[in-house]
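Heads up: the structure comes next, in structure tokens.
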Amino acid sequence: MINAKARAVFNPEGPFKPTTIERRDLEPHDVLVEIKYAGICHSDIHTARGEWGPVNYPLVPGHEIAGIVTQVGSEVTKFTVGDRVGVGCMVDSCGECAHCHKGEEQYCLNGMTGTYGAIDKYGQYTQGGYSSHIVVTEGFVVRIPDNLELDAAAPLLCAGITTYSPLRHWGAAPGKRIAVVGLGGLGHMAVKLAHAMGAEVTVLSQTLKKKEDGLRLGADHYYATSDPETFKELAGSFDLIVNTVSAKIDISAYLSLLTLDGTMVNVGAPAEPLSVNVFSLIGHRRSFAGSMIGGIRETQEMLDFCAEHHIAPDIEVISADQIDEAWERVLASDVRYRFVIDISTMGNE
Ligand SMILES: [Zn+2]
Ligand SMILES: [Zn+2]
């Protein structure tokens, strides 16, 4: 077993405490990653607090992982010691079902293995990236291009791929009008990526508080959804709406903003069911859809795209002792736009 330093919560209320966790010895296809940075995702909070179902404690969250390969298993071909790598929301899948064969491991018919809070094929409870080391099978490790900084690359592993995948799937490109609902961790990546893909980008936010930021990030237009005029003015405007908000919103009102054959895709996950007025769909053959992260091949494609287009998230690097505080700030939407933990600050416990 390999000992790793970690920060864990021991009950739904927290707080984080230093601990040591065990990582398995390397199987032939495993790589050992020394984690340098781990991003803080809103899902970490939902999961750790038991809001998405029961979890085992202690729990080490973190699925936006960037680090360096320090050891490889005997049959590893993809990586060598010293490589800069990332690990995202999943660490394994069955590899045999139709969806895995298509490279859509996130939709594995037998259930992908989450980076934390899941049982892996060895019967071990997975623990995430708020830790010094992780052991992952090479097929679920991606390469971080040299011109991406490791700290800024970390959030790409969830926030980046979660927004890149639906933009690609629904054809973000020049001539397409795309709206991004919510300018948080996911939303700010959606704006940067859609802009780099050549689309005309509009941010729909509750207020105009972050308008300057939105335009700087690459948005062409910025509207406040608290203003009823917005919905009148933008009716039938968009080919695609990417909804990054996980709170309950008036879906039918947003659907009315889609043009013929337009799609509204949800990447945030509200805990409560949403209701839809079907008339808002059938009138213009609109679609209401969902999308969850992206496959491993697409995650690598996204990293390469970000490197090529010089795209990185706006981050605030924190120390391991500031995680509790950072979580409170995430809940208060007080982050521009992603917290990243500097794992070297974890110290010796
Ligand atoms: Zn996430
Ligand atoms: Zn599968």
Taking a straight Cα-to-Cα line shorter than 17 Å from residue 36, and setting aside same-chain lysines fewer than 8 residues away, one finds 5
Binned at 10 Å starting from 0, the alpha-carbon pair-distance distribution of the range 160-290 in whole percents comes out as 14, 49, 34, 3
Counting only residues 5 or more apart in sequence or on a different chain, those whose built amide H sits under 5 Å from that of residue 318 are 340, 341, 342
Kirkwood-based Rg/Rh on the Cα set of the chain evaluates to 0.97
Dividing the helical contributions, -39500 (n - 2.57) per DSSP H run of n ≥ 4, by the residues of the chain yields a 222 nm value, nearest 500 deg cm²/dmol, of -6000 deg cm²/dmol
With +1 on the Cβ of every Lys and Arg and -1 on the Cβ of every Asp and Glu, the dipole magnitude of the range 160-290 about its Cα centre, in debye rounded to the nearest 20, is 220 debye
Taking 0.36 nm per residue of separation between residue 24 and residue 285 and subtracting their Cα-Cα distance, the length gained on full extension comes to 88.9 nm
Sparse-neighbourhood loop hits (trypsin sites (Lys or Arg not before Pro), the range 246-349; DSSP loop; Cβ within 10 Å at most 12 others) -> 248, 285
Each label sits 7 Å from Cα toward the beta-carbon; between residue 1 and residue 272 the label points are separated, in nm, by 4.3 nm
Any aspartates and glutamates whose Cα falls less than 12 Å from that of residue 248, other than same-chain ones fewer than 8 residues away, would be 272
Using alpha carbon centers only, the range 307-349 is separated from the range 55-126 by a whole-angstrom value of 22 Å
Length gained, residue 149-residue 248, 0.36 nm per residue minus C-alpha separation, equals 32.1 nm
Placing each pseudo-label 7 Å from Cα in the direction of the beta carbon, residue 321 and residue 207 end up separated by a distance in nanometres of 3.3 nm
Most exposed to least, judged by fewest other Cβ atoms within 10 Å, 57, 164 sort to 57, 164
Stretched fully, the stretch from residue 261 through residue 124 gains (0.36 nm per residue minus C-alpha distance, one decimal, in nm) 44.8 nm
The range 160-290: relative contact order from alpha carbon pairs under 8 Å, six or more residues apart, as a whole percent, is 21 percent
For residue 292 and residue 232, extending 7 Å from Cα along the Cα-Cβ vector and measuring point to point gives, in nm, a value of 4.1 nm
Across the alpha-carbon set of the range 8-78, Rg over Rh with Rh taken as the Kirkwood radius works out to 1.05
Among GluC sites (Glu not before Pro) in the range 57-109, those in a DSSP loop whose Cβ has at most 13 other Cβ atoms within 10 Å are 75, 96
Most packed first (mean Cβ within 10 Å per residue), the peptides 179-190, 77-88 order as 179-190, 77-88
Tilt, helix 185-196 to longest principal axis of the chain (alpha-carbon atoms), in degrees rounded to tens, equals 70 degrees
Taking Cα atoms only, helix 159-169 is inclined relative to the longest principal axis of the chain by an angle, in degrees rounded to 10, of 50 degrees
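Rule-based calculations on the coordinates, nothing more; no lab input. Quick caveat, the model's predicted, so the values are computed rather than measured. So basically every Cβ, Gly included, is an ideal-geometry build from the backbone, and we count neighbours across all protein chains shown.
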